[in-house]
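Please treat every number below as a calculation from the coordinates, not as lab data. Model, not experiment: these values are computed from the prediction. With ideal geometry, Cβ positions are generated from the backbone for all residues, glycine too; neighbour counts draw on all protein chains shown.
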Amino acid sequence: MPDFAAAYADFRTAVQSSLDAFIEQHADSVLRVSPELAPALTALSGLLGGGKRLRPACCYWGYLGAGGRDCDAIIHAASALEMLQASALIHDDVMDNSDTRRGFPAVHRQFESLHRERSWQGAPVDFGRAAAILIGDLALVWTDTMLLGSGFEASALARAKPVFDAMRTELMAGQFLDVLEQARGGGSVERALRVMRYKTTAYTIERPLHLGAALAGASDAVMDTYTAFGVPLGEAFQLRDDVLGVFGDPAETGKPAGDDVREGKRTVLIALAQERATDAERATLDRLVGDPALDETGLGEVRSILRSSGALDEVEARISANRDRAIAVLEGGAIATAAIDPLRSIALAATERTA
């Protein structure tokens with residue numbers, strides 16, 4: 001849909017402009033503390049300069065689908081979700097000990113390098129982690145600042161704030177469950193789906209739609225439609241992410257192939273393989289998943305088992321089925337016509353992507 005492609009490109013530009021303006025407006029409040037905080041702002045701005053803008057897009061078209069009138073305020077409110085995403089990514093990279101994000105050094109790695117370049121005291125790794133945690137915290141604080149200062153009336157913000165708070169609570173809970181599953185060594189597909197539901201599914205699609213709808217004063221019918229659309233699409237989005245984490249091209253994903261395997265991520269893809277693999281294959285997975293020194297040969301073994309066990313085919317089938325189920329919901333008549341084609345396009349882009 002070429003018209004949507006152009007509209008989405010314009011929307012992404014508008015989100016970037018909103019984020020840039022916010023950083024420029026609030027930089028002085030940080031630099032007044034000390035000009036030595038400039039690298040923190042630079043790191044945050046750099047991270048905010050990339051991304052698919054999926055969550056803001058769901059908020060924006062969720063707002064229009066609920067009858068909201070297009071305005072600058074919805075762009076600013078939707079952009080707050082990108083600030084939240086920056087916070088989540090910075091902290092996630094620390095927890096996963098990731099080296100890169102979007103093709104560049106992760107924030108904690110940037111500050112490790114700064115520590116080494118300046119020959120400061122202490123361990124560069126510790127400094128990098130501490131700096132990243134604090135920058136992520138700053139981004140989290142600024143999510144409220146962006147939303148509450150977006151330009152919406154107090155009544156609209158009062159409807160939206162509980163949704164925003166629920167989304168952030170669910171994200172933190174889901175992230176904790178993810179860490180817990182890695183520590184336990186993984187489990188069933190059902191447990192992997194539980195992590196997915198709170199860490200990604202609600203946070204990526206459903207809650208951003210609800211946020212936009214709340215700002216527009218949506219009916220319960222619209223909210224229910226967005227849940228019926230957002231839950232399966234959010235699952236399909238994360239399943240695609242899981243596949244790309246093992247089979248993706250680093251030039252497109254911005255992260256080394258197999259990082260999820262090295263980090264011991266207990267995804268649905270891995271859980272399905274463990275359930276369906278032979279005893280010998282299961283032993284191989286137990287040995288290789290979570291091995292930080294996993295090389296290309298070991299990754300090749302994991303990929304082979306994911307294929308031979310049928311786990312990869314099953315995940316691809318789930319992606320297609322969930323995408324189709326989500327798209328079918330859009331024809332129910334609860335949401336405004338103007339949002340149907342954009343949301344359908346978002347569903348296709350979220351599940352057919354290569355990055």
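The string of couplings for the range 29-39 from the Karplus curve (6.51, -1.76, 1.60, θ = phi - 60°) is 5, 8, 5, 5, 5, 5, x, 5, 7, 4, x Hz, one whole number per residue in order, with x for Gly and Pro. Amide H contacts under 5 Å for Thr100: Ala106, restricted to partners 5 or more places along the chain or on a different chain, H placed in the peptide plane at 1.01 Å from N. When only alpha carbons are used to place a centre, the range 166-206 and the range 219-263 end up 12 Å from one another. Simple rule: put +1 on each Lys or Arg Cβ and -1 on each Asp or Glu Cβ in the range 2-352, find the dipole, and look at Thr225, Ser345, Ser98; the Cα lying farthest toward the positive end is Thr225. Put the Cα centre of the range 306-344 next to the Cα centre of the range 1-65 and the gap is 28 Å.
When we measure straight from the Cα of Lys255, which aspartates and glutamates land under 16 angstrom away, once same-chain ones fewer than 8 places off are left out? In chain and number order, the partners are Asp92, Asp93, Asp96, Asp99, Asp241, Asp242, Glu263, Asp295, Glu296. Converting phi to 3J(HN,Hα) with the Karplus coefficients 6.51, -1.76 and 1.60 and the offset θ = phi - 60°, the range 18-25 yields 5, 5, 4, 5, 5, 4, 4, 5 Hz in sequence order, with x at every glycine or proline.
Per residue, the convex hull spanned by the Cα atoms of the range 95-224 amounts to 143 cubic angstrom.
Site pair Ala221 and Ala154 shows an inter-label distance of 3.2 nm when each label is modelled 7 Å from Cα along Cα→Cβ.
Ordering 29-39, 6-16 by mean Cβ neighbour count within 10 Å, with the highest value first, yields 6-16, 29-39. Sorting the segments 214-220, 87-93 by their residues' average number of neighbouring beta-carbon atoms within 10 angstrom, most packed first, yields 87-93, 214-220.
Look at the Cα gyration tensor of the range 190-250: its axes a ≥ b ≥ c give a/c of at least 1.5 with a/b over b/c, and that counts as prolate.
The calculated P(r) of the chain, using every Cα pair and 10 Å bins from 0, goes 5, 24, 32, 25, 12, 2, 0 in percent.
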